[in-house]
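Step one of this worksheet: look at the structure below.
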């Protein structure tokens, strides 16, 4: 694996910021934060549900190309722009995910109320994508040359059942050339995500014969069995250390109000700081499903057809942690001190999980501004603080890539 250069110090960041090339990039950011926000609105208003990110990706491609970058779309759907350094074998990769959690039919038009922008996906990850575009433009305007090659990518499959397929493909493609990976996700610059949370996403499906609600009353009902299973699993104690969580996110089943359904399914998200705990919760989920079926069959009329259960993996995210003495983290903290930004270390499930799980230095940070109500129709974004976020990203990238005279 390629290693980073000597750790950035506060003094070196201060000296870097006043070099003519860097100063041009920072000046462009100071004068064009509003332009970046306009690109965020345009990106947000292009629907990009999971597995359908192509239209948004095409627009991102045009924005990259306008900065003079050579851009391609790989077979996975990632939009990739490379800014060559003197060493093409050492790469700083910056990614922002294209996809959202919302279906294609969702109204994604952005509503303005003073500084507040409201729309599904406006912060997650409209803010990250806009920051990536702003970084591309600032690098272009700076005319800065770097030792390491800088790769900017809008990647697919970060949300829902995407299973991080975009970042997996990028890490596979660049492999040992990756010196560091920065995932730009959301708005806040008050955190640095250095630990990837392990997760398992599972679909549990219970099937049976079905029937008429009147004439077949007493036959086992997959929905009722599934409900019993959900209640049983929800009663299982989840540890606070390691911090863990579960969520029943989607329930489907049945065809009409007066029919006993032939199937019912639930999609479940299991997370923990410890991969072993995720496996423990998954085993408990399987036990709960079997117990729910057993109870439903016990309550059914005699000689009823049996219920069956099937478990399908929807995705698995590995855990990983950036060492506290990582040069990548040291650089970010130096930049934060220079900008007067206070940040804390966080744990989450992001694109950074994949490189971290493979020992590649990686973090996830916000692109600047403020946001909230993510993954809801009331999601909002306020560009106040955007300039600081863009400067943070620009200085960190240039410091890691090694600015040349």
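Only the coordinates and a few stated rules stand behind these numbers; no lab work does. Predicted model only: the values in this text are computed from it and were never measured. Please note: Cβ atoms are built from the backbone with ideal geometry, for glycine as well, and neighbour counts cover all protein chains shown.
Peptide packing: for 164-177, 132-145, the average count of neighbouring Cβ atoms within 10 Å per residue gives the ranking 132-145, 164-177, highest mean first. Pull out a ≥ b ≥ c, the square roots of the eigenvalues of the alpha-carbon gyration tensor of segment 25-99, then state rounded if a/c is under 1.5, prolate if not and a/b is larger than b/c, and oblate in the remaining case. In terms of gyration-tensor shape, oblate. I'd like the orientation of helix 126-142 relative to the chain: the angle between its Cα long axis and the longest Cα principal axis, in ° from 0 to 90, rounded to 10. Its long axis makes an angle of about 20 degrees. From helices alone, the chain scores -11500 deg cm²/dmol at 222 nm; the rule is -39500 (n - 2.57) for each run of n ≥ 4 DSSP H residues, then divide by the residue total.
Packing around the peptides 181-191, 352-362, 13-23, taken as the average count of other Cβ atoms within 10 Å per residue, puts them in this order, highest first: 181-191, 352-362, 13-23. To the nearest 10 degrees, how steeply does helix 165-174 sit against the main Cα axis of the chain, on a 0 to 90 scale? Compared with the principal axis, the helix lies near 40 degrees. Among bridges DSSP assigns within segment 88-188, what percent are antiparallel (round to 5)? The antiparallel proportion sits near 20 percent. As a test, work out the antiparallel percent of DSSP beta bridges whose residues both lie in the chain, rounded to the nearest 5. Counting only bridges with both partners in the chain, antiparallel ones make up about 70 percent.
At full extension, residue 111 and residue 15 could sit 30.4 nm farther apart than now, given 0.36 nm per residue minus the alpha carbon distance. The alpha carbon centroids of segment 327-405 and segment 173-236 are separated by 28 Å. Considering only Cα atoms, the convex hull volume of segment 198-317 works out to 86 Å³ per residue. Classified by the C-alpha gyration tensor, segment 115-187 has an oblate form. Its axis ratio a/c, with a ≥ b ≥ c, is 1.5 or above, and a/b does not exceed b/c. For segment 60-182, the square roots a ≥ b ≥ c of the C-alpha gyration tensor eigenvalues yield an a/c of 1.5 or more together with a/b not exceeding b/c, which makes the shape oblate. Counting only alpha carbon atoms, the long axis of helix 20-44 and the longest principal axis of the chain meet at about 30°. Multiplying the residue separation of residue 250 and residue 345 by 0.36 nm and removing their Cα-Cα distance gives an extension gain of 31.1 nm. The calculated FRET efficiency for residue 31 paired with residue 87, based on their beta-carbon distance and R0 = 30 Å, is about 0.45. If the chain linking residue 23 and residue 257 were pulled fully straight, counting 0.36 nm for each residue of separation and taking away their Cα-Cα distance, it would gain 77.6 nm. In this simple spin-label approximation, residue 373 and residue 176 carry label points 7 Å from Cα along the Cα→Cβ vector, and these lie 5.0 nm apart.
Working ranking of peptides 305-317, 385-397, 103-115 by packing, defined as the average number of other Cβ atoms within 10 Å per residue, highest first, is 385-397, 305-317, 103-115.
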